[in-house]
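As structure tokens, the structure follows; a few thoughts come after it.
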Amino acid sequence: MADSSPSFDDLRTKLAEHGQEHVLRSWDRLSTSEQDRLKQQLLNLDLDLLDSLIAGTDEKKDFGGLAAAAQSPPAIRADGSGASWTPVQARQRGEQALRDGEVGAVIVAGGQGTRLGFAHPKGMFPIGPVSGRTLFQFFADRLIATRHRYGSRIPLYLMTSDATDEETRDDFESNDFLGLDPEDVIIFKQGTMPAVDAASGKLLLSAADSLALSPDGHGGTVTALARNGCLEDARRRGVKHLAYIQVDNPLADLCDPALLGHHLLAESEMTTQVVRKRDPLERVGNVVLVDGRIQIIEYSDLPEEAARACSEDGQLKLWAGNIAVHVIDVGFLERSSRSAGSLPFHRALKKVPFLSEDGKEINPEAPNATKFERFIFDLLPEARNAFVVEARASESFAPVKNAEGAPSDTPALAKAAISDLHSRWLEQAGAVVDSGVQVEINPRFALDSGELAEKIPANLRIDVDRYFDSGVE
Ligand code: UTP
């Protein structure tokens with residue numbers, strides 16, 4: 001072995017103690033820089049934690065028990081019922097927070113987007129049904145319009161990963177920060193977790209000088225925000241509440257004043273927006289109440305019987321589907337980041353390319369590896385006054401997950417949902433939209449149907465595809 005530094009010898013011994021020394025099998029053939037890369041990755045590993053994850057001795061939830069005890073969560077309904085305040089009061093409260101500069105935005109965009117199969121970060125996917133704007137541009141336009149309306153800065157904390165960081169930065173830098181003030185765009189990288197062979201628990205190598213690493217899940221946001229100074233930055237700016245969304249839902253109503261207002265009026269540390277599940281087995285997390293605490297049971301962990309159970313009124317008992325739109329207090333994130341180690345890991349069986357023992361690159365046809373990820377929603381049970389607000393799926397949820405041709409969550413379905421929503425806005429504003437015509441409204445033209453009504457002429461007829469472009473500077 002060329003490297004005899006004490007830390008390396010310690011590392012080698014430690015790897016052997018944990019049955020993972022095979023990762024050094026090509027060590028002698030690596031260049032110094034390759035050795036440095038692998039060594040750094042190995043030094044970053046928490047081998048004790050990994051052992052307990054592989055052995056399954058980390059704390060596990062009894063999902064059957066949880067599901068049996070799960071109740072429908074108390075929630076503000078989409079019609080505004082369920083709270084002691086009105087939707088108008090909520091909106092006004094949220095608008096005040098926006099005006100006071102108390103709101104920041106968090107977009108997580110570190111996922112590998114394997115199902116979509118797009119060659120770039122998902123945020124660069126062209127989703128505008130008429131304009132072809134990218135997901136990143138969608139949210140940048142929304143932030144620009146919101147800032148314009150309320151007159152205060154809204155910092156954007158954009159989380160990337162090793163898989164998406166470089167291209168994301170290039171995309172922002174080479175496109176004039178998509179119209180945002182560069183000082184208000186903070187791009188930061190999440191951590192990684194190694195993938196292990198599903199059968200043996202052995203660490204997988206993606207190359208002779210690299211472990212097969214993947215992003216540590218959107219739950220990694222908590223430590224990554226703290227580690228990269230984003231929470232301090234938010235404090236410095238007077239930002240108290242972070243509007244969190246995932247980059248792959250173009251209908252996510254980033255910095256929605258009503259959602260912010262509900263959060264504030266409920267004095268909640270974490271508020272989550274949900275939609276009514278369209279079918280009992282829909283592949284979304286189930287937001288439930290167990291022992292007085294709001295939490296999420298993933299669809300994959302929810303027994304079918306519990307998923308199908310109905311209340312006396314014939315409605316689904318566990319109706320609230322997670323769409324990953326949250327408002328989270330900075331103070332709560334600071335507290336959580338000090339104990340983020342306590343967020344549990346979830347396991348996923350995935351296809352992970354790897355280097356075989358004889359040095360061949362293998363692209364498995366079936367899932368071969370276990371990945372470990374933390375989920376942001378596991379913060380919910382820890383939050384004071386965690387709160388649930390229902391939105392209508394047709395207005396708030398059109399995830400881009402799968403490649404075209406899949407039965408659900410495809411780009412074509414998301415584009416149709418955007419165009420349908422904007423058609424309805426136009427119709428509410430008095431326009432007539434011919435059937436089959438695609439429409440798209442940039443939030444810089446109008447953020448909502450009310451603003452649209454002020455901007456378009458009376459009796460507008462739309463008979464060809466139309467994009468209402470930005471209307472503010
Ligand atoms: P998903 O779990 O749906 O993963 O992420 P994905 O990367 O988009 O797609 P698949 O599963 O590989 O096909 C939901 C959101 O969370 C972000 C993603 O970027 C997406 O916006 N995410 C996910 C992260 O930021 N980091 C992660 O480690 C995982």
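The values are calculated or read from the model by the stated rules, or taken from the named source; none is laboratory data. In this text the structure is predicted, and so the values were computed from the model without any measurement. Note that we place each Cβ from the backbone using ideal geometry, even for glycine, and neighbour counts take in every protein chain shown. Surface accessibility is based on the protein's heavy atoms, side chains included, excluding ligands, DNA and RNA. Shrake-Rupley method; radii C 1.70, N 1.55, O 1.52, S 1.80 Å.
Some notes on this structure:
- Residues whose amide H falls under 5 Å from that of ILE127, counting only those 5 or more places apart or on a different chain, are ARG133, THR134, LEU135, with hydrogens built in the peptide plane.
- A cut-off under 15 angstrom between Cβ atoms defines the neighbours of ARG335, and their net charge, with Lys, Arg +1 and Asp, Glu -1, is -2.
- Gyration tensor over alpha-carbon atoms, the chain, equivalent ellipsoid semi-axes in Å: 40, 26, 22
- The phi-based Karplus calculation (6.51 cos²θ - 1.76 cosθ + 1.60; θ = phi - 60°) puts the 3J(HN,Hα) values of the range 454-466 at 6, 9, 9, x, 5, 6, 5, 10, 10, 10, 10, 3, 9 Hz, whole numbers, x for Gly and Pro.
- Here the Karplus curve 6.51 cos²θ - 1.76 cosθ + 1.60, taken at θ = phi - 60°, turns the phi angles of the range 30-39 into couplings of 8, 6, 4, 5, 5, 4, 4, 4, 5, 4 Hz, with x standing for Gly and Pro.
- Every Cα-Cα pair of the range 360-461 was included, and the share exceeding 17 Å stands at 70 percent.
- For VAL352, net neighbour charge (Lys/Arg +1, Asp/Glu -1) across residues whose Cβ lies under 10 Å away: +2
- With N counted as the residues of the range 145-206, its alpha-carbon radius of gyration over 2.2 N^0.38 Å works out to 1.68.
- Percent carbon-and-sulfur accessible area, the range 336-473, ignoring ligands, DNA and RNA, probe 1.4 Å: 48
- Size of the range 147-286 as Cα extents on the principal axes (Å, biggest first): 53, 44, 26
- Rh by Kirkwood over Cα pairs, then Stokes-Einstein D for the range 17-144 at 1.567 mPa s and 4 °C, µm²/s: 60
- When the pairs LYS122/LYS240; LYS60/LYS351; LYS360/LYS415 are compared against a 32 Å limit on Cα-Cα distance, LYS360/LYS415 fall above it.
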